[in-house]
1. Quick one: which of Glu440, Glu449 is under 30 Å from Ala393 (Cβ atoms) and either assigned to a loop (DSSP other than H, G, I, E, B) or within 27 Å of the chain's Cα centre (by Cα) (or both)?
2. Report yes if some residue within segment 22-44 is in contact with a strand residue (DSSP E or B) (Cβ under 9 Å, 6 or more places away or on another chain) and not in a helix (DSSP H, G or I); otherwise report no.
3. Taking Asp541, is it surrounded by fewer than 16 Cβ atoms within 10 Å (Cβ to Cβ) and at pLDDT 95 or above?
4. Hey, which of the strands (runs of 3 or more DSSP E) in segment 346-412, taking only ones fully inside, have at least 2 residues that are at pLDDT below 95?
5. Taking the residues in segment 265-289 that are touching a Leu at 6+ places or on another chain (Cβ under 8 Å) and under 17 Å from Gln321 (Cα atoms) as candidates, determine which candidate is surrounded by the fewest Cβ atoms within 10 Å (Cβ to Cβ).
6. For residues in segment 452-476 being of a type outside the set (Gly, Ala, Ser) and surrounded by 18 or more Cβ atoms within 10 Å (Cβ to Cβ), which is farthest from Ile237 (Cα to Cα)?
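The values are calculated or read from the model by the stated rules, or taken from the named source; none is laboratory data. A quick note: this is a predicted structure, and the numbers were derived from the prediction, not measured. Cβ placement follows ideal geometry from the backbone for every residue including glycine, while neighbour counts extend to all protein chains displayed.
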Amino acid sequence: MQKRWVLKPKIDSNIIHKLQSELGVNSIVAQLLANRGIYTFEQSKTFFRPSLEQLHDPFLMKDMDTAISRIERAIGNNEKIMIYGDYDVDGTTAVAVVYSFFRAFHSRIEYYIPDRYAEGYGISTQGIDYAAANDFSLIIALDCGIKALEKVEYASRHGIDFIIGDHHLPGDTIPNAYAVLDPKRTDCPYPYKELSGCGIGFKIIQAFIQKNEMDMEEAYKYLDLVAVSIASDIVPITGENRILTHFGLKKLNSNPSVGLQALIELSSNKTGVFSINDIVFQIGPRINAAGRIDHAKGAVNLLISKSKDEAANYSAAVDDQNNVRKDFDLRITEEALSIIENNEADKLRKSTVLYKSDWHKGVIGIVASRLTERYYRPTVILTRTNGHIAGSARSVIGFDLYEALSECSDLLDQFGGHKYAAGLTMQEKNISLFQTKFEEVVQRSIKPEMLQQEVSIEAEIDLKDIDTKFYRILRQFEPFGPQNEAPIFISRKVNLHGSAYIVGSNHLKFTSIQEGSPSFDCIAFGLAEHISHLNSKKSFDICYSIEENNWRGKKNLQLNIKGIRY
């Protein structure tokens, strides 16, 4: 599918000139900064020189003082504390951070992760029953709970207090918990709203340390886990998240926890510098696989390991589960693609809703993502589990999936999530009705341009603008991620130097040159269909990111081509 090239709007020239003058940078760098909402010298200094001193006071978060006082009372009275978390990367890292910190000086503490299949997402009745039967009087819930109104009341009737530490959007009513920590609460004055669930856990221990005048290094030693959560949960890498990720990556690459070190040793990049992408594609899937295939407590056991031998045993099990996950993922994706390719009506839809009773619930979210990438339309993948139909949904940029599901709520037992990803359950008799209604909702509300993937381009430049100095400045924009993406540029009337050739199954390698510029090696993943046009020697336009290629110890700048036009 041809992607739309969308050039970001020009920023006021006065702002650009001011940045150029104050920072001594060229107009391209000034444009990149302004695109990120950075307009002054002080903002630029904060962006380029992140510091842990820039982290916000955790007590700015509503209910933080109440939460810390309750934890202190529980420790002082030797109460049993349960750390409760979701079964994904964000939830398991959050549990690992908070549990590891408090177990150092409070022995009556356990963690609890719900079973994906037996209990489902969020606070479960089974978890509360376990807490009641084992004399827990305080539950600290992380990465979940903001909508658990009934479960919190149920726990209260059993004499159990709840502290909720969540980062999801609240409903109209906040649970009646002892404390509710969520920057997205409308009444929460905390300056940064986009923390991960593990980030909320980090703020809890930061607040505890601050109040008790402990060494803040005791919190900073968990920054590698916080960075893993931020990267894996696809939260914006802006503001406080960018600071946490910057220092978390430093720790991951210099002195990681033994659990993360064990995962690094299993990865294909174990000898290089780990980046956000390495977390997303190497570490995150392995942690997630534990909860998808078996039980996520295996991932927590790995992340809280104290010895290399212990971590090696848990990481081997997690890696095996990831291999099983990949097999399920591949098979189900192939089956789903086959269903669509063999049905002309399915091809013409503006949405995808597929059901097969034996698809593994643990990977339907991944399959939904893959089909969304392939057909670029809102997608729901359904399967049978525990006597009901469960689904995972993914959306495209600009289309509000949660709102679309709300319009189909009469056919659903439950649904939850956000604009671009959601989960749902329904009765089997409603599958066909849902497929029809969801398609009607999408057709009525989706805009045509939303059905075509776009490439967001930061600036138009000439190839002669690219040199090692420019690349060094670009590196200072890292770590890249949502709302701070690696810059993509456009260069026009580029010519082929030599010949283009295909590598792998569907990728292109070639060398490009522009009048007055040096030549640049280019790699174009999935763009082999352009080979005949390129080799015709006609000029063309390219959009691309700039990266450093290291081949046999020789480093050179390379263009990673995102699109080619003539």
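1. Exactly one residue qualifies, and that residue is Glu449.
2. Yes.
3. Yes; evaluated as a whole, the condition is true for this residue.
4. 379-385, 388-394
5. Gln282
6. Selected residue: Leu463.
The rows are residues; the columns are (1) crowded, with 20+ Cβ neighbours inside 10 Å; (2) modelled with pLDDT of 95 or more; (3) in a helix (DSSP H, G or I); (4) among the hydrophobic types (A, V, I, L, M, F, W, C).
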position	(1), (2), (3), (4)
Ile68	yes, yes, yes, yes
Arg73	no, yes, yes, no
Tyr87	yes, no, no, no
Thr92	yes, yes, yes, no
His106	no, yes, no, no
Glu110	no, yes, no, no
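Rundown of residues vs (1) over 23 Å from Asp115 (Cβ atoms); (2) more than 24 Å from the chain's Cα centre (by Cα), yes/no style:
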| site | (1), (2) |
| --- | --- |
| Lys297 | no, no |
| Leu302 | no, no |
| Lys308 | yes, yes |
| Ala317 | no, no |
| Asp320 | no, no |
| Asp327 | no, no |
| Leu330 | yes, no |
| Glu335 | yes, yes |
